[in-house]
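Input: a single structure, listed below in structure tokens.
All of the numbers you see were taken from the coordinates with simple rules; none came from a lab. A quick note: this is a predicted structure, and the numbers were derived from the prediction, not measured. Methodologically, a virtual Cβ is constructed for each residue, glycine included, from the backbone with ideal geometry; neighbour enumeration extends over all protein chains shown.
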């Protein structure tokens, strides 16, 4: 494995499959900084080819920021549009046919939110009411529908828990003519009495299935007829008939066995080293971002298995292995496992693992899978990257392994969710299909050739972070990549494929050029 040795812009080139048919390389072109640290000032974004503008949402500013990418080496702020007239924090943005859609949550997060529509200059067009806590928004490829993932998170005291849902908005009437009649809602109420896959987690206090499910991210089929929606906390996937606005299926994503070869993890921040090994732990995939691609015959889904716990004042599922009572039959070496240098500090759930209803736990379930997965259109697992992310970052940045996005300290995320893959983008370049996965904690982007879905090959790891600086406002480079957007060569301002990465902790938006290696 080859590595460039600078602390800024760390790159790993030849990796787990050095003979991939068509290698590419990411190169940093330019960055725009809001100057706001740890405020979600550049969380996710969307690119419009016609205007050569990039749109990002900033929770710190309650604003839609518009960047000029005419010169991708020097992204420049054109305007900052307040979203306060529509509610509170903006959570998602999408653009199609010159219309920019922004998901805006209500000031009371458990009440219905809105989608606000603007033109590419930022002039307001219209707004419509959708479900509680609208998070991610995306247009279908034909621009006929806008889909909204209404997360429906509970209040902190867990006394109010709105239903999660997916809104489908008919854009054929034009954004300016939209009314509530053009908004339909795909709900989960039909599953309240259904028998679900055992790996689907329904566990909120007193919650129905519809209240417990929390839509996170949406991918759309190439024919604009089907949507796949991640239900992160629930370790599940919803399949949606877009035209009918109906959830047709709930799919459990299963669990990852960290005790088999290739599925190791470093579970301790107190082991004195970067120790990736097999442990008797099951990972809940719990993907955040999802993207779909079609290889000419089949559709595949790419998921970033971030993991997420419910941690509220009214209900908290998170604990550590050392705090649990372990069944002596299942864990005869419990005392050793519960040492801080082993599994003791690893964060696990109290919801799963007590299989007999007693006082102890027969199984251990951790949050996320520290990987990316490829699944079929029906949700069946085709490929998982196993422990590759930790192995690659360990080799590339051994003194910063599993560092947090707000601290340069090594190993301080091992006991949590490790590198925490969160964002995904898919793009075709030079005759191959690539997946780009952002690592929220240590930072950087993993690049894989996924042309063959059952046998992806690692291409590159690049991290535009500066570990010589303490993370802060305009310090530390790119921190906390979340939203990733691929721009085709034919849509790019410079005629080259681009990857645009929004970094929520550093408040930066960075443009990478995708070049043939």
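General observations
- Part-to-part distance (alpha-carbon centres) for the stretch 185-203 and the stretch 461-517, which is given in Å: 37
- The spacing between the stretch 118-137 and the stretch 301-351, judged by their C-alpha centroids, is 39 Å.
- Estimated inter-spin distance, residue 108 and residue 455, nm [label 7 Å along Cα→Cβ]: 5.8
- Bridge type composition, the chain - antiparallel percent by DSSP, nearest 5: 95
- For the stretch 387-429: rounded, prolate or oblate by the Cα gyration tensor [a/c cutoff 1.5]: prolate
- Added length on full extension, which subtracts the Cα-Cα distance from 0.36 nm per residue, residue 27 to residue 126: 31.8 nm
- Pairs of Cα atoms nearer than 8 Å and 6+ residues apart set the relative contact order; for the stretch 75-142 it is 30 percent.
- Cα gyration tensor, the stretch 27-115 - rounded (a/c under 1.5), prolate or oblate: oblate
- Each peptide among 269-275, 137-143, 211-217 gets the average number of other Cβ atoms lying within 10 Å of its residues, and from highest to lowest they stand as 211-217, 137-143, 269-275.
- Note on residue 84 and residue 143: the model spin-label points, each 7 Å out from Cα along the C-beta direction, lie 3.3 nm apart.
- The fewest-to-most ranking of 228, 279 by surrounding Cβ atoms within 10 Å reads 279, 228.
- Ellipticity estimate at 222 nm from DSSP helix runs (n ≥ 4, -39,500 (n - 2.57)) divided over the chain, nearest 500: -500 deg cm²/dmol
- Prolate/oblate/rounded call for the stretch 309-367, Cα gyration tensor, a/c under 1.5 rounded: oblate
- Distance cut-off 43 Å, percentage of C-alpha pairs in the chain lying past it: 11
- FRET efficiency for residue 76 and residue 395, using Cβ-Cβ distance with R0 set to 30 Å, rounded to 0.05: 0.25
- Theoretical FRET efficiency, 1/(1+(r/R0)^6), r = Cβ-Cβ of residue 173 and residue 225, R0 25 Å, to 0.05: 0.80
- Working from Cα pairs under 8 Å separated by at least six residues, relative contact order for the stretch 309-367 is 35 percent.
- Relative contact order [Cα under 8 Å, 6+ residues apart], the chain, whole percent: 16
- Taking each residue as 0.36 nm, the span from residue 313 to residue 378 lengthens on full extension beyond its C-alpha to C-alpha distance by 19.8 nm.
- By average C-beta atoms within 10 angstrom, highest first, the peptides 149-162, 312-325, 429-442, 193-206: 429-442, 149-162, 312-325, 193-206
- Burial order of peptide ranges 121-129, 53-61 (average beta-carbon count within 10 Å, highest first): 53-61, 121-129
- Gained length - residue 469 relative to residue 198, 0.36 nm times residue gap less alpha-carbon distance: 93.0 nm
- With both labels modelled 7 Å from their Cα along Cα-to-Cβ, the residue 259 to residue 189 distance reads 4.4 nm.
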